[in-house]
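These notes are about the structure you will find just below.
The values are calculated or read from the model by the stated rules, or taken from the named source; none is laboratory data. Please read all numbers here as calculations on a predicted model, not as lab measurements. Virtual Cβ from ideal backbone geometry, glycine too; neighbours counted across all protein chains shown.
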Amino acid sequence: MVLAVGMLIPVGYVVATVLELGWDALAPLIFRPRVGELLVNTVLLLVLGVPTTIVLGVGGAWLVERTDLPGRRYFSVLLVAPLAIPAFVSSYGWASAIPSIQGLWGGLLVATLAYYPLVYLPALATMRGLDPALEESARSLGLGSWAVFGRVILPQLRLAILGGGLIVALHLLAEYGAFAFIRFDTFTTAIVVAYQSTFAGSSAAALGVVLATLCLVLLVIEAGARGRHRYARVGSGSPQPPELTKLGRAKPIALAALVVLGVAATIVPLVSVVRWLGASDAGVFAEMPAALLQTLLLAGGGAIGAVVVAFPVAWLSGRYPGRLSKWLEGPYYVASSLPAIIVALALVTVTLRLVPGLYQTPATVIAAYVIVFLPRALVSLRAGIAQVPESLEEAARSLGSSPIVARSRVTVPLLVPAIAAGGALVALGAANELTATLLLAPTGTRTLATQFWSAASSIDYPGAAPYALLLILLSIPAVALMFTQTRGRAR
Amino acid sequence: MNLTVIGVSKCFGSTPVLDAISLDVAQGSRTAIVGASGSGKSTLLRLIAGFAEPDEGRITLGDRTLAALGTSVAAHRRGIGYVAQDGALFPHLTVAGNIAFGLPRGGGAGRTARVREVMELTALDPVLADRYPHQISGGQQQRVALARALAPRPGIILLDEPFSALDTGLREHTRRAVIDALELSGTTAVLVTHDQDEALSFGDGIGVMVDGRLAQAGSPSAVFDDPETAEIAAFLGAAVLLPAKPRDGVAECALGTIRVRHDRSNGSRVALAMVRPAQIDLVTDAPGANAIVHEVRPMGSLAEVSLLAGASGAEHPAVITLRVPPHQIGDLRPGSRVAIRVDGGAVLYPSHDAAYVADEVAGDVTGDATQPAVA
């Protein structure tokens, strides 16, 4: 209960801002040309970016999962690789290689390349779980390849597309670093600028209100589009491996498309980082261990915090699904959908006004990580708890273990992988987090992300390269984990 | 240890699940509880195991009261072994780790020896000891679950549909292995199942559950040969149920005049006669032919024969279907006349039990018979 209230801080901050400033004070801050400009930018980014990532993600998943494309296994890994490259690093890679990339088109290019895997992964997982018998039935009813894709596969992918699309949209709203590099203004970049000039002033707060409203609108749209549809496999029997679609003459085109995508999303940023690395000053490397340690401490704290906070809710919804657990999950879900910049503004305001002792402390940074990355821990734990049926605890009790002993000898050991996976995913997010860290971290904090940022944003490209590389290397295990989880889920 | 259940009732919300169940399971015996799904049999087992508490009644094991109004011994202090439907093996432990789970920790060599002992008892190959549950077959998993439950030498073992998830061939084999292990260790056991044959072949006692009540209990042969109601008769196995007129220890029905072995009709003028298909013989070239072959359908190792019984003058002629080995068919073909002989007499029920007569079409009564009539 207390935790659920804690999760509501950012939402409460937005509501309190509106109430405190009042409509008369807010209106002139909101209805001005600058906000209109930002709104156009942000909406264009969403309207163009989200469909592009869906096409790239679903198309890629279909090509590597359901066609006779040569080298599909390698492509299936290559397509997920951009997840290991933080969007701001990818943006740095492109901007430092081709300085003319900027504005809306630059932002679109960088963001879609960085975020399409968020659609690709769920689409891949769903496609693996689809019953090929449905496709076979459709073929026997006279449908061709395209018709099968459009009328049988695509409808079943709806939840994956909506879920993935929503996550991409929320990321586009929340992204700061990637867009700041190429001088593309969105609400988030504008809020950071406003914050830096006027601190937690009312103009930053007003922009925050608009941004939070956009997020809530997206949540409502997604919930409405998802409706109450559920797709279940009817009947039993082991599914046959699917027959692969023959690409025929389209094969070279598909192959070329995936190669271009892989080069643009993964190879260009990597080559760029490695190229600058050659010019890096030896002094940079000496500072790296300290930054690595701070990053690990903060990200580790965030991971532990998120697991601790997520556990009771995951346990409730796994073991006692009902209204209470739904009610508890709500605030977690909404709070975690808000961009890190709003979470950061909320925590700055709350700590300054209520508990000044916590302002600019590691505890506040960790609290922000917990709020922002909680869903990663929640999803992982919930899946883990669902895999430990109560019958196992009963078996332990019939063998003489008291309920507590049964849990410690059976349930907890079985949950270790889920806890580790959830923690790792939170830690990955936290290590790559830039916006909230910049706003909340105590003066003198040097994480890999902030060090990268301070070098890169002052056009010290060689000085940023070692941090970029380390961030990528640290991300690889967690991305590999996500990828194998996706593979495992369907089987 | 002997288990006693007295007047146990249980409701889930306002839905009664168990209604005043009383049951005695003698020390060292094996009892099967059989019932359709939803009859409350699994709930009864969970009450005995201690995973739920009865609303009313009393459960004792040996001289200990496990559950009575207001008091309940926790599941882990009952000393009752439990084998779940899916085995519920701990996936993070090896076969040996699973079996040793309930043994005192730090037992050292004694522990290892006991694991080896129960693995031998349940016919588990010792090389399996280091495998994980997902690396062994379903039948082996169930035997590991039994070995795990047997290891701490519980006073009684409860088995909740332990074979239902297995393929037919594997099921027979595993059932044999489980019965042998229980026999060898002399463990008291209660099995819950929806499979009549499994229940009838399990051991010394059988209880039939219908809608939350224990409708009949006794030895398997007594219950099978003399079911208390036509419903139980039909549930326990293939039964031919025909309208009949009782008269001085015999009954007249489509099969002819048959001796009455048990009369449960309460003296009503019109009754139902029940015989098992295995009691029925078809005799060709014999006097007194009273049935006409209607159809002969080969079905592999058996053949299905439909007969119009009571063709010559019976009050209620009926179509009955029997499965017989092909060599008995001989030159039977549609239109052949045969005599029906019934061996061992019929059980009579009141005719209002007629709901359990299969397919009543236009005055004809079809007794469906799935067991071969052996000559």
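Of all the residues that make up the range B:1-54, how many are among the acidic types (Asp, Glu) and in contact with a Lys or Arg (Cβ under 6 Å, 6 or more places away or on another chain)? Number satisfying all stated conditions: 1. Residue by residue through the range B:78-115, note down the ones that are among the charged types (D, E, K, R), more than 24 Å from residue A:386 (Cα to Cα) and in contact (Cβ under 8 Å) with a residue 12 or more places away in the chain. Within the range B:78-115, B:78, B:114 qualify.
Of all residues in the range B:78-100, those being at the interface with chain A (Cβ under 8 Å from one of its Cβ atoms), in contact with a helix residue (DSSP H, G or I) (Cβ under 8 Å, 6 or more places away or on another chain) and within 13 Å of residue B:150 (Cα to Cα) number 3.
Candidates are the residues of the range A:176-199 that are touching a residue at least 40 places away in the same chain (Cβ under 8 Å) and outside any helix (DSSP H, G or I); the one that is surrounded by the most Cβ atoms within 10 Å (Cβ to Cβ) is A:186.
Yes/no per residue for (1) surrounded by 15 or more Cβ atoms within 10 Å (Cβ to Cβ); (2) under 28 Å from residue B:104 (Cα atoms); (3) in contact with a helix residue (DSSP H, G or I) (Cβ under 7 Å, 6 or more places away or on another chain); (4) not polar (S, T, N, Q):
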| site | (1), (2), (3), (4) |
| --- | --- |
| A:352 | no, no, no, yes |
| A:362 | yes, no, yes, yes |
| A:365 | yes, no, yes, yes |
| A:369 | yes, no, yes, yes |
| A:372 | yes, no, yes, yes |
| A:375 | yes, no, yes, yes |
| A:381 | yes, no, yes, yes |
| A:401 | yes, yes, yes, no |
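If the condition is being touching a residue at least 24 places away in the same chain (Cβ under 8 Å) and surrounded by fewer than 22 Cβ atoms within 10 Å (Cβ to Cβ), then the range B:13-29 contributes B:16, B:17, B:19, B:20, B:22, B:23, B:26, B:27, B:28, B:29.
Regarding residue B:294, is this residue closer than 26 Å to residue B:229 by Cα and in contact (Cβ under 8 Å) with a residue 24 or more places away in the chain? No; evaluated as a whole, the condition is false for this residue.
For residue B:244, indicate whether it is farther than 28 Å from residue B:7 by Cβ, of a type in the set (Gly, Ala, Ser), out of contact with any Cys (no Cβ under 8 Å at 6 or more places or on another chain) and buried (at least 21 other Cβ atoms within 10 Å of the Cβ). No, not satisfied.
With a requirement of 3 or more residues that are of a type in the set (Gly, Ala, Ser), the strands (runs of 3 or more DSSP E) lying completely within the range B:139-251 that satisfy it span B:213-218. Looking at the range A:12-32, is at least one residue of a type in the set (Phe, Trp, Tyr), part of a helix (DSSP H, G or I) and in contact (Cβ under 8 Å) with a residue 40 or more places away in the chain? So far as the range A:12-32 goes, yes, one or more of its residues are of a type in the set (Phe, Trp, Tyr), part of a helix (DSSP H, G or I) and in contact (Cβ under 8 Å) with a residue 40 or more places away in the chain. Just one of (1) crowded, with 17+ Cβ neighbours inside 10 Å; (2) within 12 Å of chain A (Cβ to nearest Cβ) trips up residue B:139, so point out which. Failed condition: (2). Taking the criterion of being on the phi > 0 side of the Ramachandran plot and within 11 Å of chain A (Cβ to nearest Cβ), the only residue of the range B:43-62 that qualifies is B:50. Per the listing A:418, A:431, A:455, A:465, the residue uniquely under 21 Å from residue A:373 (Cα atoms), crowded, with 20+ Cβ neighbours inside 10 Å, touching a residue at least 12 places away in the same chain (Cβ under 8 Å) and more than 14 Å from every other protein chain (Cβ to nearest Cβ) is A:431. Against the list (1) at pLDDT 90 or above; (2) part of a loop (DSSP other than H, G, I, E, B); (3) aliphatic (A, V, I, L, M), the condition residue B:119 fails is (2). Of all the numbered requirements in (1) more than 29 Å from the chain's Cα centre (by Cα); (2) surrounded by fewer than 18 Cβ atoms within 10 Å (Cβ to Cβ), residue B:336 misses one, and that requirement is (2). Do the conditions hold for residue A:53, that is, is it in contact with a Ser or Thr (Cβ under 7 Å, 6 or more places away or on another chain), more than 30 Å from residue A:41 (Cα to Cα) and not charged (D, E, K, R)? Here the answer is no, as residue A:53 does not meet what is asked. Take the conditions (1) hydroxyl-bearing (Ser, Thr, Tyr); (2) under 30 Å from residue A:128 (Cα atoms); (3) without any contact (Cβ under 8 Å) to a residue 40 or more places away in the chain; residue A:408 misses just one of them, which is (2). Among the residues making up the range B:262-288, those that are surrounded by fewer than 16 Cβ atoms within 10 Å (Cβ to Cβ) and over 24 Å from the mean Cα position of the chain (by Cα) are B:266, B:267, B:268, B:269, B:270, B:283, B:284, B:285, B:286, B:287, B:288. Inspect the range B:189-198 for any residue being more than 14 Å from the chain's Cα centre (by Cα) and in contact (Cβ under 8 Å) with a residue 24 or more places away in the chain and give the result as yes or no. Yes.
All of B:208, B:223, B:178 fail the test of being of a type in the set (A, V, I, L, M), surrounded by 23 or more Cβ atoms within 10 Å (Cβ to Cβ) and either modelled with pLDDT under 90 or farther than 15 Å from residue B:34 by Cβ (or both), apart from B:178.
Matching residues to (1) of a type in the set (Phe, Trp, Tyr); (2) buried (at least 19 other Cβ atoms within 10 Å of the Cβ); (3) in contact with a strand residue (DSSP E or B) (Cβ under 6 Å, 6 or more places away or on another chain); (4) more than 29 Å from residue A:220 (Cα to Cα):
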{"residue": "A:281", "(1), (2), (3), (4)": "no, no, no, yes"}
{"residue": "A:312", "(1), (2), (3), (4)": "no, no, no, no"}
{"residue": "A:321", "(1), (2), (3), (4)": "no, no, no, no"}
{"residue": "A:338", "(1), (2), (3), (4)": "no, yes, no, no"}
{"residue": "A:348", "(1), (2), (3), (4)": "no, yes, no, no"}
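Among residues of the range B:304-347 being polar (S, T, N, Q) and part of a strand (DSSP E or B), the one that is modelled with the lowest pLDDT is B:321.
A single entry from B:103, B:170, B:182, B:128 fulfils the requirement of being within 11 Å of chain A (Cβ to nearest Cβ) and among the hydrophobic types (A, V, I, L, M, F, W, C): B:103. Taking first residues from the range B:63-77 that are away from chain A (no Cβ under 14 Å) and partners that are of a type in the set (A, V, I, L, M, F, W, C) and part of a helix (DSSP H, G or I), the Cβ contacts under 8 Å between residues at least 6 apart in sequence or on separate chains come to B:67/B:47.
Selection of first residues in the range A:385-405 that are facing another protein chain (nearest Cβ under 8 Å) and assigned to a loop (DSSP other than H, G, I, E, B) and of second residues that are surrounded by 14 or more Cβ atoms within 10 Å (Cβ to Cβ) and not hydroxyl-bearing (Ser, Thr, Tyr), restricted to Cβ pairs under 6 Å at least 6 apart or on distinct chains, gives the following pairs, ordered by first then second residue: A:399/B:101; A:399/B:102; A:400/B:76; A:400/B:102; A:401/B:76; A:402/B:76.
Listed by first and then second residue, the pairs with beta-carbon distance under 6 Å, at least 6 apart or on different chains, first residue in the range A:44-63 and buried (at least 22 other Cβ atoms within 10 Å of the Cβ), second assigned to a helix (DSSP H, G or I) and among the aromatic types (Phe, Trp, Tyr), are A:53/A:115; A:57/A:120; A:60/A:120; A:61/A:120.
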